Amino acid sequence: MWTGIIDAPLQILNTNTAVYIGIVYAYLPFMILPIYASLEKLDISLIEAAEDLGCSKMQAFWLVTFPLSRPGVIAGCFLVFIPVIGEFVIPSILGGTQTLMIGKTLFDEFFANRDWPVASAVAVILLLILIIPIILFQRNEQKQREMEG
């Protein structure tokens with residue numbers, strides 16, 4: 001407020017923005033570490049060769065660095081996606097009662113409403129949401145292994 005950018009304090013608590021900030025804050029390391037591990041293994045001479053052959057730094061990134069770091073990006077996505085889908089603590093604390101996330105809904109149906117049939121249906125939907133990307137990833141990996149071998 002003292003910079004003149006805003007006139008009144010921002011109301012962030014009990015909004016979706018608070019939930020987004022909390023989830024990013026909590027799960028950012030789980031995304032960064034696999035990407036860092038894959039970039040650490042990257043051979044710098046490949047980027048230098050791409051630049052020597054006429055690529056700009058941006059082209060070298062998109063044509064060399066990003067494809068070679070894709071396994072780290074995919075691993076990070078799985079490490080973040082699976083727990084975030086079932087997250088119920090962050091939405092409950094930061095988002096309040098109006099926040100709608102599947103993990104929070106599942107928790108509320110089991111423990112607050114004691115509606116076991118609905119909770120079971122939500123749990124099956126959650127299970128399907130988690131299994132489908134894993135199956136697609138495994139099929140993609142199998143196709144890539146078949147093409148290489």
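Bear in mind that the values in this text are calculations on the coordinates, not laboratory data. Since this is a predicted model, take the numbers as computed values, not measurements. Heads up, the Cβs are rebuilt from the backbone with ideal geometry, glycines too, and the neighbour counts pull from every protein chain shown.
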(message) Give me the helices (runs of 4 or more DSSP H) completely within segment 1-111, filtered to those with at least 2 residues that are crowded, with 16+ Cβ neighbours inside 10 Å, ordered by residue number.
(response) 16-40, 44-52, 66-85, 102-107
(message) Could you list, ordered by first residue, the pairs with Cβ atoms under 6 Å in which the first is in segment 120-149 and over 15 Å from Pro71 (Cβ atoms) and the second is hydroxyl-bearing (Ser, Thr, Tyr), at least 6 apart or interchain?
(response) Val122/Thr105
